[in-house]
Amino acid sequence: MIPVSEALDHLFTLAKPLCTETVPLNQANGRVLAEPVSATRDQPPFSASAMDGYAVPSEGVAPGATYTVIGEAAAGHAFDGTVSAGQAVRIFTGAPVPQGAGHVVIQEDVKRSGDKIEVTDRLGKGLNIRPAGGDFSQGQTIDAPKLLRPSDVALMAAMNIADVPVTRRPRVAILATGDELVMPGETPGPDQIIASNSFGLQAMLRDAGAEPRLLPIARDTMSSLKTAFSMMDDADLLITIGGASVGDHDLVGDVAAGLGMERSFYKIAMRPGKPLMAGKLADGAMMIGLPGNPVSAMVCGQVFVLPVIRAMLGLGQAPAPQNTARLAEDLPANGPRQHYMRALVKDGEISVFGNQDSSLLTILSTANALLVCPPNAEAAPKGSEVVFLPI
């Protein structure tokens with residue numbers, strides 16, 4: 001058995017960043033920016049009013065000052081003229097500040113009578129003008145790689161970027177194996193269960209920016225597994241679930257080897273999830289063989305598969321992000337394998353569920369964290385700071 005950190009190193013060696021493609025701006029959210037993009041204009045492209053009010057020259061603005069209103073400026077409709085001493089232009093938020101004006105007196109700070117205004121003693125200190133290029137200037141870049149959020153899409157739109165270079169989504173084929181499995185909605189036999197791992201992993205991978213698809217369930221025969229492997233098509237990554245242990249019916253490793261897989265490792269010093277294998281298939285695709293227990297498969301998805309997807313997307317080679325919290329109760333000593341314990345974090349404290357059986361999806365569904373207990377860790381008292389993976 002190898003430690004988790006070594007297994008991740010092996011996986012990162014197998015996981016290669018994918019190529020770049022260009023997508024329309026309205027499809028860029030949630031994608032990974034693959035190359036820097038630059039603004040084609042200044043924002044704002046002109047000095048603009050930050051408030052509704054009156055644009056006046058900079059000099060002489062004080063309570064009691066009077067002005068004659070000579071025109072109006074609105075967003076999209078600039079005042080075509082120059083503001084001179086003693087003159088004002090009625091202006092609205094977002095409108096270009098007229099030539100000659102350097103101060104916008106907000107409408108609440110003036111009294112108006114006809115075309116005359118007088119500044120009141122409520123005059124504030126600000127100029128109420130957004131300078132040209134105050135947000136960004138032409139040529140300013142958004143660096144890559146970067147996972148794009150709605151705010152990034154809004155920024156690129158303002159920069160007049162219509163097409164965005166992004167990393168291609170990893171194509172992932174998910175293969176559940178076992179005579180005991182049937183699909184949700186089917187009626188299982190007396191010795192069968194519903195396939196759940198593949199659907200949980202598919203959701204996890206879709207959220208991570210991959211394109212996952214489910215292959216038909218493979219039965220515990222060499223011929224069925226070979227047929228299933230042949231259906232992975234152009235997948236960058238094949239994830240198998242179950243059949244990776246050493247029982248008489250665990251055939252995934254043998255079939256993969258027979259099809260040319262170069263195994264990188266097998267078995268990890270962790271719980272849940274010890275029987276995990278990985279390697280590269282003959283066509284160059286990466287393969288990860290996950291254990292069949294529901295919680296084991298989902299935990300391995302968090303610990304190993306998600307970092308692999310991030311590496312393929314060009315987001316770097318790093319373990320899953322970790323946080324810290326303080327124990328809400330005493331934690332017993334750990335054995336020789338790194339233990340990912342289902343837990344609940346609330347108000348900075350973490351509570352571990354009493355039953356950590358790797359078949360209990362109800363507990364995993366309730367948990368929002370995996371407490372990471374290192375190999376051979378000593379017992380930790382209540383209040384100790386521990387590390388966890390948010391899930």
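The values are calculated or read from the model by the stated rules, or taken from the named source; none is laboratory data. From a predicted model like this one, the values you see are computed outputs, not experimental measurements. Here the Cβ positions follow ideal geometry from the backbone for every residue, glycine too, while neighbour counts run over all protein chains shown. To get the accessible areas, we keep the full protein, side chains included, count just its heavy atoms, and leave off ligands, DNA and RNA. Shrake-Rupley method; radii C 1.70, N 1.55, O 1.52, S 1.80 Å.
Per residue, how much space in cubic angstrom lies within the convex hull of the C-alpha atoms of the chain?
Convex hull of Cα atoms, per residue: 199 Å³.
Over region 96-242, how many percent of alpha carbon pairs lie in each 10 Å bin up to the one with the longest distance?
9, 21, 16, 13, 12, 9, 9, 8, 3, 0
Which aspartates and glutamates, if any, have their Cα less than 16 Å from the Cα of Lys382, not counting same-chain residues under 8 positions apart?
Glu329, Asp330, Asp347, Glu349
In Å², and per residue, what accessible area does the chain have when probed at 1.4 Å with the other protein chains present?
Per residue, the chain has an accessible area of 47 Å².
For region 311-374, what size does the Cα cloud have along each of its three principal axes, sorted from largest down, in whole Å?
Principal axes ranked by extent give 39, 28, 27 Å for the Cα atoms.
Mind giving me the nanometre distance, one decimal, between the label points for Ser230 and Gln99, set 7 Å out from Cα along Cα→Cβ?
Roughly 7.7 nm, to one decimal.
Roughly speaking, what is the centre-to-centre gap between region 294-355 and region 252-287 when only Cα atoms are used, to the nearest Å?
For region 294-355 versus region 252-287, the Cα centre distance is 22 Å.
Mind grabbing the base-10 log of I(q)/I(0) for region 162-228 at q = 0.15, 0.21, 0.23 Å⁻¹? Debye formula, identical points on the C-alpha positions, no solvent, two decimal places.
Each listed q corresponds, in turn, to -0.57, -0.90, -1.00.
Please sort 91-97, 72-78, 292-298 by packing, taking for each peptide the average over its residues of neighbouring beta carbons within 10 angstrom, highest first.
Result, highest mean Cβ count within 10 Å first: 292-298, 91-97, 72-78.
I'd like to know which of Ser264, Ser137, Ala282 lies farthest towards the positive end of the charge dipole of the chain, counting +1 on Cβ of Lys and Arg and -1 on Cβ of Asp and Glu.
Ser137
Taking all protein chains as present, what is the carbon and sulfur share of the accessible area of the chain, in % to the nearest whole number, probe 1.4 Å?
Using a 1.4 Å probe with all protein chains present, the chain comes out at 50 percent carbon and sulfur.
Modelling each spin label as a point 7 Å along the Cα-to-Cβ direction, I'd like the Ser38/Ala154 distance in nm, to one decimal.
2.6 nm
Per-residue counts of other Cβ atoms within 10 Å, averaged by peptide: what ranking do you get for 51-59, 6-14, highest first?
So the order, starting with the most tightly packed, is 51-59, 6-14.
Put a dot 7 Å past each Cα toward the Cβ at Arg263 and Thr362; how far apart are the dots in nm?
3.7 nm
Given 0.36 nm per residue, what is the gain on full extension from Asn376 to Asp347 after removing their alpha carbon distance, in nm?
Separation in residues times 0.36 nm, less the Cα-Cα distance, equals 7.6 nm.
Working out 0.36 nm times the residue gap between Ala74 and Ala132, then minus their Cα-Cα distance, what length gain in nm do you get to one decimal? Please list the in-between numbers first.
On the way: separation 58, 0.36 × 58 = 20.88 nm, distance 1.66 nm.
My answer for the length gained is 19.2 nm.
Please work out how much length the chain gains when fully extended from Asn29 to Thr120, using 0.36 nm per residue of separation minus the C-alpha to C-alpha distance, in nm with one decimal.
Working: separation 91, 0.36 × 91 = 32.76 nm, distance 4.75 nm.
Value of the extension gain: 28.0 nm.
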